[in-house]
1. Could you list, in sequence order, all residues of region 121-145 that are assigned to a loop (DSSP other than H, G, I, E, B), among the hydrophobic types (A, V, I, L, M, F, W, C) and within 17 Å of the chain's Cα centre (by Cα)?
2. Would you be able to say whether some residue in region 44-51 is buried (at least 22 other Cβ atoms within 10 Å of the Cβ) and assigned to a loop (DSSP other than H, G, I, E, B)?
3. Any residue in region 134-150 that is more than 18 Å from residue 72 (Cβ to Cβ) sitting within a Cβ distance under 6 Å of a residue that is not in a strand (DSSP E or B)? List the pairs, counting only those 6 or more apart or interchain.
4. On the basis of being under 19 Å from residue 60 (Cβ atoms) and in contact with a helix residue (DSSP H, G or I) (Cβ under 6 Å, 6 or more places away or on another chain), does residue 132 make the cut?
5. Look at region 146-170 and say how many of its residues are modelled with pLDDT under 95 and outside any strand (DSSP E or B).
6. Would you confirm whether or not region 123-144 contains a residue that is at pLDDT below 90 and in contact with a Ser or Thr (Cβ under 7 Å, 6 or more places away or on another chain)?
7. Every residue in region 107-120 that is assigned to a loop (DSSP other than H, G, I, E, B), within 17 Å of residue 39 (Cβ to Cβ) and at pLDDT 85 or above, please.
8. Please find, within region 52-61, the residue that is farthest from the chain's Cα centre (by Cα) out of those that are surrounded by 19 or more Cβ atoms within 10 Å (Cβ to Cβ) and over 12 Å from residue 175 (Cβ atoms).
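The values are calculated or read from the model by the stated rules, or taken from the named source; none is laboratory data. All of these numbers come straight from a predicted model, not from anything done at the bench. Reconstructed Cβ throughout: ideal geometry from the backbone, glycine too, with neighbour counts over all protein chains shown.
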Amino acid sequence: MSSKNNPINNLNIMVQKACREKPKYMLPPARVDSKNRYTDNGDGTVTDKKTGLIWLKNANAFGRQDWYSAQKFASQMADGQYYLCDGSEPGVWRLPTKNEWQTMLDMRYKWPALSNAAGTAHWTEGEPFVGVQSSGYWSATTLAFAESYAWYVALFHGKIFNAPKTFTRYLWLVRDG
């Protein structure tokens, strides 16, 4: 099938066009509140003011993947894909490290172990993220003693485990701010 008739390619072209013409079209406008830990940037990303990391707003944009596929998706992610209108280029997105996941977790909460934008209550859909799964999410961190294993966070309770890289987990991408 030629790229011209490829439905995925056509969807990406439509998203890119929407980003150019109406950057805020697909997502709610950014909520600016200096007291909040998280800021919805209105471009498909959320900034964590505590760490400076920029997270993809949609925590379930890619579904479940093995670790190797997750790394490939991350390296290819860019503006105009998956409702992203932030001007980013391929190569800037990645999986969060094990340590970065630990800063994201809020152990006061379960199902998932995340807080809302202000950091004062349990996360709810759209506050500030969408599509969060109370399941396992890959980290970029490989086990030092077992190269074929990587760490992942179980968001239902916030604990971190390891698994073979061939297992499937969700991926939630970040980039440096």
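1. Residues of region 121-145 assigned to a loop (DSSP other than H, G, I, E, B): 121, 123, 125-126, 128-129, 131-135, 144-145.
Those still in the list that are among the hydrophobic types (A, V, I, L, M, F, W, C) too: 121, 123, 129, 132, 144-145.
Once the filter is applied, which keeps residues that are assigned to a loop (DSSP other than H, G, I, E, B), among the hydrophobic types (A, V, I, L, M, F, W, C) and within 17 Å of the chain's Cα centre (by Cα), region 121-145 yields 123, 129, 132.
2. Step one: of region 44-51, the residues buried (at least 22 other Cβ atoms within 10 Å of the Cβ) are 44-46.
In the following step, the residues that additionally are assigned to a loop (DSSP other than H, G, I, E, B) were identified as 44.
Within region 44-51, one or more residues are buried (at least 22 other Cβ atoms within 10 Å of the Cβ) and assigned to a loop (DSSP other than H, G, I, E, B).
3. The qualifying pairs are 134/111; 134/112; 134/155; 134/156.
4. Values: under 19 Å from residue 60 (Cβ atoms): yes; in contact with a helix residue (DSSP H, G or I) (Cβ under 6 Å, 6 or more places away or on another chain): no.
Considered against the rule, which asks whether it is under 19 Å from residue 60 (Cβ atoms) and in contact with a helix residue (DSSP H, G or I) (Cβ under 6 Å, 6 or more places away or on another chain), residue 132 comes out as no.
5. 4
6. yes
7. Keep residues of region 107-120 that are assigned to a loop (DSSP other than H, G, I, E, B), which gives 107-114, 116-120.
Retained after the next criterion (residues that are within 17 Å of residue 39 (Cβ to Cβ)): 114, 116-120.
Correct list: 114 only.
8. Among residues in region 52-61 that are surrounded by 19 or more Cβ atoms within 10 Å (Cβ to Cβ) and over 12 Å from residue 175 (Cβ atoms), the one farthest from the chain's Cα centre (by Cα) is 61.
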